[in-house]
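Report on the following structure.
The values are calculated or read from the model by the stated rules, or taken from the named source; none is laboratory data. Nothing here was measured: the structure is a model prediction, and the numbers come from that model. Positions of Cβ are generated from backbone atoms using ideal geometry, with glycine treated the same way; all protein chains shown enter the neighbour counts.
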Amino acid sequence: MSTGLRERAAAELTRTRQRSVGLTDAVDDDDLVRQHSRLMSPLVWDLAHIGNQEELWLVRDVGGREPVRADIDQLYDAFKHPRGERPQLPLLGPAEARAYVRTVREKVLDLLDSVELAGRPLVEQGFAFGMIIQHEQQHDETMLATHQLRTGDPVLVAVPPPRSRAIVAGEALIPGGPFEMGTSLEPWALDNERPAHQVHVPPFLIDRAPVTNAQYQAFVDAGGYDDPRWWTGRGWAHRQEAGLTGPAHWHGDGTYTRFGRREPIVGDEPVVHVNWYEASAYAAWAGRRLPTEAEWEKAARFDPATGRSRRFPWGDEDPTPEHANLGQRHLSPAPVGAYPAGASPAGVHQLIGDVWEWTGSPFGGYPGFRAFPYREYSEVFFGDDHRVLRGGSFGTDAAACRGTFRNWDYPIRRQIFSGFRCARDPRPGEAAG
Ligand SMILES: [Fe+2]
């Protein structure tokens, strides 16, 4: 690993830790150890789990050093204890957890200077460091979702997102034909994004913007939650059982709660906190459907001028604040039209950032998939139980968001920052090819 790569890894580790500290220092000890929802871990579990994964992979495996706290490994193994059980475990307290993650980090920064990093796929181009940085950022987004579920006075602050700067409406036609999906080159890409492969995608139309609160409100107002025609069988059963009447955190009077603040719903922001069944029902009501995962990625990456796939909709450069609403710079999605510089060649906006977008596709491995560095990272989640989400949200860091990045969850979940956009097949005469 070159000096530049070591410096980049150190800088990203430090930047990421600032976010984790911010999310956990924002609340008192009582809030840190409490479970704010059965769906979420206590924040203090996330914090020590971040440190434990870092210890397992970087201190012990990459660094070959003695364990810091081998006695706590099983407490922070996500596969041993479902989230609902975690508050009952003999977890490290807030002060202990903070001291633990600091100790681990000191060792990691120390070994990063000198560790031999050749000859193993785990360390080539700093992969293990990139994996741990992304892992921490993913837990930061999870902790942000916990903050959204927490009751009590607001504790997080951020500047509002930029205003709309472009009129973005209607659909973009994406021509049929092959494109390269996934990646074999992106050094910190995770196993489920690999390898790059050709996919033939028939022509389709996709919304140029995510579905907004105002559009979603029209579905609610039209009685969409009371009409089983729009819902899949399982979706309707869940809607009945869970008593859903609108997105999570909506109060039914034109207001919603965000991070402890009750505010009027902003009509031109992408709708967030809807599950896959709700997204699918909206799409059916609108005479549309969710895009497949391949359609979403082609809309986001395919450059018709060159025929190649870009890293991001706007090109190959890493995201800047001009391109996308990422990294918890703001505490909400931005209105449609806020990121004209982030549009794809076909004029599709806000694919990256703002809200995770549900696709119609189950989560699976690409042709030639190989689990790396462990099966529990992705492979054990493959199958029809999960649906893929793409593009990242306002709470996703750029380090954990690429045009190829894949997220997945159960179709009933909506505590995540999930929204969607619609797609459809062309009508006769609409698309040549
Ligand atoms: Fe984790």
Problem set entry | Criterion violated by Glu54 - all others in (1) surrounded by fewer than 22 Cβ atoms within 10 Å (Cβ to Cβ); (2) of a type in the set (D, E, K, R); (3) part of a helix (DSSP H, G or I) satisfied | (1)
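Every residue, every condition in (1) polar (S, T, N, Q); (2) more than 27 Å from Gly287 (Cβ to Cβ); (3) surrounded by fewer than 21 Cβ atoms within 10 Å (Cβ to Cβ), yes or no:
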residue: Glu193; (1), (2), (3): no, yes, no
residue: His200; (1), (2), (3): no, no, yes
residue: Pro203; (1), (2), (3): no, no, yes
residue: Ala209; (1), (2), (3): no, no, no
residue: Gly235; (1), (2), (3): no, no, no
residue: Gln240; (1), (2), (3): yes, no, yes
residue: Thr245; (1), (2), (3): yes, no, yes
residue: Gly252; (1), (2), (3): no, no, yes
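Which residue, of Leu39, Leu5, is surrounded by 14 or more Cβ atoms within 10 Å (Cβ to Cβ) and in contact with a helix residue (DSSP H, G or I) (Cβ under 6 Å, 6 or more places away or on another chain)?
On the way: Leu39 fails: in contact with a helix residue (DSSP H, G or I) (Cβ under 6 Å, 6 or more places away or on another chain).
Just a single option satisfies the conditions, and that option is Leu5.
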For this session: Could you please tell me which pairs satisfy a Cβ distance under 6 Å, a separation of 6+ or placement on different chains, a first residue in region 387-406 that is within 16 Å of Arg301 (Cβ to Cβ), and a second residue that is among the basic types (Lys, Arg)?
Result: Val388/Arg406; Gly403/Arg301; Gly403/Arg311
For this session: Evaluate the following for Ser164: is it more than 16 Å from the ligand (Cβ to nearest atom), surrounded by fewer than 21 Cβ atoms within 10 Å (Cβ to Cβ) and at pLDDT below 95?
Result: no
For this session: For region 148-160, indicate whether the set of residues that are touching a strand residue (DSSP E or B) at 6+ places or on another chain (Cβ under 6 Å), of a type outside the set (Gly, Ala, Ser), more than 16 Å from the ligand (Cβ to nearest atom) and assigned to a loop (DSSP other than H, G, I, E, B) is non-empty.
Result: yes
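Yes or no, residue by residue, for (1) within 15 Å of the ligand (Cβ to nearest atom); (2) part of a helix (DSSP H, G or I); (3) surrounded by fewer than 16 Cβ atoms within 10 Å (Cβ to Cβ):
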residue: Ser20; (1), (2), (3): yes, yes, no
residue: Pro67; (1), (2), (3): no, no, yes
residue: Asp73; (1), (2), (3): yes, yes, yes
residue: Phe79; (1), (2), (3): yes, no, yes
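Within region 267-284, how many residues are in a loop (DSSP other than H, G, I, E, B) and touching a Phe, Trp or Tyr at 6+ places or on another chain (Cβ under 9 Å)?
Going residue by residue through region 267-284, those that are in a loop (DSSP other than H, G, I, E, B) are 267-269, 271-275.
Restricting the remaining residues to those that are touching a Phe, Trp or Tyr at 6+ places or on another chain (Cβ under 9 Å) gives 271-275.
Final tally of qualifying residues: 5.
Suppose we filter Arg38, Arg60 for residues that are away from the ligand (no atom under 16 Å from the Cβ) and modelled with pLDDT of 95 or more; which single one remains?
From the options Arg38, Arg60, the qualifying one is Arg60.
How about region 253-266: which of its residues are touching a strand residue (DSSP E or B) at 6+ places or on another chain (Cβ under 8 Å) and part of a strand (DSSP E or B)?
Taking region 253-266 first, the residues touching a strand residue (DSSP E or B) at 6+ places or on another chain (Cβ under 8 Å) are 254-257, 262-265.
Across region 253-266, the qualifying residues are Thr255, Tyr256, Thr257, Arg262, Glu263, Pro264.
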Exercise. Right, Ala279: within 28 Å of Gly223 (Cβ to Cβ), touching a strand residue (DSSP E or B) at 6+ places or on another chain (Cβ under 8 Å) and crowded, with 21+ Cβ neighbours inside 10 Å or not?
Worked result: yes
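Within 16 Å of the ligand (Cβ to nearest atom) and β-branched (Val, Ile, Thr): is that true of Ile174 in this structure? Give the derivation first.
On the way: within 16 Å of the ligand (Cβ to nearest atom): no; β-branched (Val, Ile, Thr): yes.
Judged against the criteria, Ile174 is not a match.
Would you mind stating whether Gly130 is in a helix (DSSP H, G or I), over 21 Å from Leu331 (Cα atoms) and at pLDDT below 95? It would help to see each step written out before you state the result.
Numbers: in a helix (DSSP H, G or I): yes; over 21 Å from Leu331 (Cα atoms): yes; at pLDDT below 95: no.
It is false that Gly130 is in a helix (DSSP H, G or I), over 21 Å from Leu331 (Cα atoms) and at pLDDT below 95.
Only one of Glu141, Glu116 is in contact (Cβ under 8 Å) with a residue 40 or more places away in the chain, acidic (Asp, Glu) and either surrounded by fewer than 22 Cβ atoms within 10 Å (Cβ to Cβ) or within 16 Å of the ligand (Cβ to nearest atom) (or both); which? Spell out how you get there, then give the answer.
Details: Glu116 fails: in contact (Cβ under 8 Å) with a residue 40 or more places away in the chain.
After ruling out the rest, the residue left standing is Glu141.
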Exercise. Does any residue of region 81-96 turn out to be more than 15 Å from the ligand (Cβ to nearest atom), outside any helix (DSSP H, G or I), over 30 Å from Gln35 (Cα atoms) and among the small types (Gly, Ala, Ser)?
Worked result: no
Seminar exercise, completed: Ala341: passes all of (1) outside any helix (DSSP H, G or I); (2) surrounded by fewer than 18 Cβ atoms within 10 Å (Cβ to Cβ) but (1)
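With the condition kept exactly as written, say whether any residue in region 189-206 is part of a loop (DSSP other than H, G, I, E, B), at pLDDT 95 or above and within 16 Å of the ligand (Cβ to nearest atom).
Taking region 189-206 and keeping what is part of a loop (DSSP other than H, G, I, E, B), we get 189-190, 194-196, 202-203.
Cutting the leftovers down to at pLDDT 95 or above gives us 189-190, 194-196, 202-203.
Keeping just the survivors that are within 16 Å of the ligand (Cβ to nearest atom) gives 190.
So far as region 189-206 goes, yes, one or more of its residues are part of a loop (DSSP other than H, G, I, E, B), at pLDDT 95 or above and within 16 Å of the ligand (Cβ to nearest atom).
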Problem set entry | Residue in region 358-377 that is surrounded by fewer than 20 Cβ atoms within 10 Å (Cβ to Cβ), among the aromatic types (Phe, Trp, Tyr), within 17 Å of the chain's Cα centre (by Cα) and at pLDDT below 95 present | yes
